[in-house]
Amino acid sequence: MTYDQLVSDIVRVVEAIGAAIMIVAGAWSLVTYAASLARTTTYRHDAYRRLRRRLGRAILLGLEVLIVGDIVRTIIVSPTVESVGVLGMIVAIRIVLSFSLEVEIDGVWPWSHWRLEPARDRRDPPES
């Protein structure tokens, strides 16, 4: 086995972990949502908001791990100008997705979280 093959295999494992994070955490989010709906004390709106937040976090974490795989592959396996350009586009797209998900989850831009902190205690129910 060559060095490039070893790194490629490691990158595949990292990508599989990223996908697994999204799948497992997404499934867990849906299971906890269903359990919340089964409880009579949970408001549907609060359960739905927690589901969206958990799904968004699962996607964000999975995307971060996938970016690691892309970076390693580009830098170590095939460091050509074309692969670096493709990596740049992939990272840019994932950054836009990450920012969009952060705004969707929290309702504010990532750099404006300080505005959200005092109001979060009153607005969001505790995570269960």
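The table that follows gives values for the structure above.
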read-out: Close pairs (6 angstrom Cβ cut-off, 6 or more residues apart or separate chains): among the basic types (Lys, Arg) in the range 87-114, at pLDDT 80 or above and in a helix (DSSP H, G or I) anywhere; value: ARG94/LEU63; ARG94/ILE67
read-out: Of the criteria (1) at pLDDT 90 or above; (2) of a type outside the set (A, V, I, L, M); (3) surrounded by 14 or more Cβ atoms within 10 Å (Cβ to Cβ), which one ASP70 fails; value: (1)
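So that you can scan it fast, the table gives a plain yes or no per residue for (1) within 21 Å of GLU104 (Cβ to Cβ); (2) surrounded by fewer than 12 Cβ atoms within 10 Å (Cβ to Cβ); (3) touching a Phe, Trp or Tyr at 6+ places or on another chain (Cβ under 7 Å):
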| site | (1), (2), (3) |
| --- | --- |
| VAL13 | no, yes, no |
| ILE17 | no, no, no |
| MET22 | yes, no, no |
| ALA25 | yes, no, no |
| THR32 | yes, no, no |
| ALA35 | no, no, no |
| ALA38 | no, yes, no |
| TYR48 | yes, no, no |
| ARG52 | yes, no, no |
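The values are calculated or read from the model by the stated rules, or taken from the named source; none is laboratory data. Predicted model only: the values in this text are computed from it and were never measured. Cβ sites come from the backbone with ideal geometry, for glycine too, and all protein chains shown count toward neighbours.
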